[in-house]
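Input: a single structure, listed below in structure tokens.
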Amino acid sequence: MAERLIIVAGAMLHVLVLQIPLVVRDVSYFSLIADPSIIVFLAMVAVHTLWEGVQSMGTDTAPAVHVRGAVVPYLTGLSLLLLHCVLVVEFALFDGSHSFAGQSGNGLILLGAVLMVAGIWLRVRAIGLLGSSFTSHICLVPNHTLFRDGLYKLVRHPSETGLLLISFGACAVMSSVVGCLIVILVLYPLSRVRVAYEDRMLHASFGEAFVSYARSTPAYLPRVRLFLDRTTAPLRGE
């Protein structure tokens, strides 16, 4: 119960801190906070923080084995926080009226919300599937197994795919080119570094089993062929 309360308090504090740029502007706070883009963005940030936090309860408890790239998770977390801050500051500076897509702002908000929801679900589901084997650090836990079911049958790193969807979705909701650049130039390279560390670690631990898995399963996006094979399979006997 105490852990859940800490997670809720942390999510609320995060959302409150993000609103500081809206308060210090000489424009009415209530006119800014009523904008659909900032409402959707803050709501999605809260949902992501709460849901992932609750889902992660009970993980990271086993002693880590073969820790690699210890600084990468912290850099990723800081970069995500930087992205959130930049999006809100940019929004506040332009009084919530900017958009790199002209009058299609509502369409971007909807697209971004869909991406964020999909990304949040992917991350939470990926954490749930791994259970006690999940760790925010780049390491193995005792009796670690090579998980290849569910989402992991389609991609090797669904939680990283989810993180990128959440980040790009946030940029779409807030109509931010600067945010997209942060994702492309900072978050994505950090994700690639994490994936490389994890793949090398799994290769060293599981050998040919991981080589076979990596050969048939992409890191981020499922192969279209997987879905085509499923839809065309019944036709092969015709």
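No value in this document is a laboratory result; all are computed from the given coordinates. Not measured: the values here are computed from a predicted model. Neighbour counts run over all protein chains shown; Cβ positions are idealised from the backbone, glycine included.
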With x for Gly and Pro, the residue-by-residue ³J(HN,Hα) of the stretch 176-181, computed from phi through the Karplus equation 6.51 cos²θ - 1.76 cosθ + 1.60 at θ = phi - 60° and given in whole Hz, is 10, 6, 4, x, 4, 5
Under a plain spin-label model, where a point goes 7 Å from the Cα along Cα-to-Cβ, how far apart in nm are H137 and C180?
-> 3.8 nm
Taking a ≥ b ≥ c as the square roots of the eigenvalues of the Cα gyration tensor, with a/c under 1.5 meaning rounded and otherwise prolate when a/b exceeds b/c and oblate if not, the stretch 2-233 is prolate
Give the calculated FRET efficiency between C85 and D199 to the nearest 0.05, with a Förster radius of 25 Å applied to their Cβ-Cβ distance.
-> 0.20
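For each of E208, E3, E90, count neighbouring Cβ atoms within 10 Å of the residue's Cβ, then give the residues from fewest to most. Write down the numbers at each step before the final one.
Working: E208 8, E3 12, E90 17.
Result, fewest neighbours first: E208, E3, E90.
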So for Y29, Y188, fewest C-beta neighbours within 10 Å to most, what's the order?
-> Y29, Y188
In terms of modelled amide H atoms, which long-range or inter-chain residues lie less than 5 Å from the amide H of I138?
-> R68
How high is the relative contact order of the stretch 2-233, in percent, with contacts defined as C-alpha pairs under 8 Å that are six or more residues apart?
-> 26 percent
What FRET efficiency, computed as 1/(1 + (r/R0)^6) with R0 = 45 Å and r the Cβ-Cβ distance, is obtained for E208 and L93, rounded to the nearest 0.05?
-> 0.25
Computed about the Cα centre, the charge dipole of the stretch 2-233 from +1 Lys/Arg and -1 Asp/Glu charges at the Cβ has a magnitude in debye, to the nearest 20, of 720 debye
Output the peptides 146-154, 106-114 sorted from most to least packed, where packing is the average of other Cβ atoms within 10 Å over each peptide's residues.
-> 106-114, 146-154
